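K.L.:
Can you keep this structure in mind? I'll have questions shortly.
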Amino acid sequence: MQNKAFIDFLRKESGSISVLISGLFLLVLTLSIGIIDVTDSYLAKRELIAIGEDAILVASHSLDENRYYSGSPNSFGNSFGDSFGEPNRRVPINCASAALKFSAEISTRNLRRNLIGVSGWSCSDDQITASISSSIQALVNFPIISRINGGKIGVNATIGATSEISIT
């Protein structure tokens, strides 16, 4: 008799829906918190790109006067041409001056009160590419993740610039 009562007790399903709903609520809550952190990271990357674009624009105005005034209008830039058969003439960039200007511009800016570092720099004649990085504080700190990375999320961006001379 006791076994039959125990088996009947196990077969009862009352209350099982509340356990299922509670579990699903916790799952949705956890996913929502993750989505908030991912969205905040995306917005921080957009902010970092905007800062980098401002700095690289300043750096791209570093004219290499020796090559620019060398005499021949076709002595600088590439000559691959555009879709209309005209050569693309680009302003030659003084890479040393551009690097100094870029670093100076980046050092005056910050991403959400965190320093921005230059992690990569490439300059060749008329084209600049730079990589910058910073970190932001996570909006929601999970104790396990906070122990691993201190509650910080790394943000990286790569930007580039060229200056074309318009032919009219």
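K.L.:
Being of a type outside the set (Asp, Glu) and modelled with pLDDT under 95: is that true of Gly52 here?
P.N.:
The answer is no for Gly52.
Residues are listed down the side, and each one gets a yes or a no for (1) in contact with a helix residue (DSSP H, G or I) (Cβ under 7 Å, 6 or more places away or on another chain); (2) within 30 Å of Thr158 (Cα to Cα); (3) modelled with pLDDT under 90:
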{"position": "Lys4", "(1), (2), (3)": "no, no, yes"}
{"position": "Gly15", "(1), (2), (3)": "no, no, yes"}
{"position": "Leu20", "(1), (2), (3)": "no, no, yes"}
{"position": "Thr30", "(1), (2), (3)": "no, no, yes"}
{"position": "Val38", "(1), (2), (3)": "no, yes, yes"}
{"position": "Leu43", "(1), (2), (3)": "no, yes, no"}
{"position": "Ala59", "(1), (2), (3)": "yes, yes, no"}
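K.L.:
Which residues, counting only those in region 48-66, are in contact with a Ser or Thr (Cβ under 7 Å, 6 or more places away or on another chain) and assigned to a helix (DSSP H, G or I)?
P.N.:
Leu48, Ser60
K.L.:
Oh, and also: Looking only at region 61-85, filter to residues that are charged (D, E, K, R) and either at pLDDT 80 or above or in contact with a helix residue (DSSP H, G or I) (Cβ under 9 Å, 6 or more places away or on another chain) (or both); which one of those is nearest to Ile106 (Cα to Cα)?
P.N.:
My answer is Asp64.
K.L.:
Now a separate question. Taking Ala96, is it of a type outside the set (Val, Ile, Thr), modelled with pLDDT of 95 or more and over 14 Å from the mean Cα position of the chain (by Cα)?
P.N.:
no
K.L.:
Shifting gears a bit: Select from region 109-141 the residues that are assigned to a loop (DSSP other than H, G, I, E, B) and in contact (Cβ under 8 Å) with a residue 24 or more places away in the chain and write down the one among them that is farthest from Ala99 (Cα to Cα).
P.N.:
The residue in question is Val140.
The values are calculated or read from the model by the stated rules, or taken from the named source; none is laboratory data. In this text the structure is predicted, and so the values were computed from the model without any measurement. Counting neighbours? That spans all protein chains shown, and the Cβs are built from the backbone with ideal geometry, glycine included.
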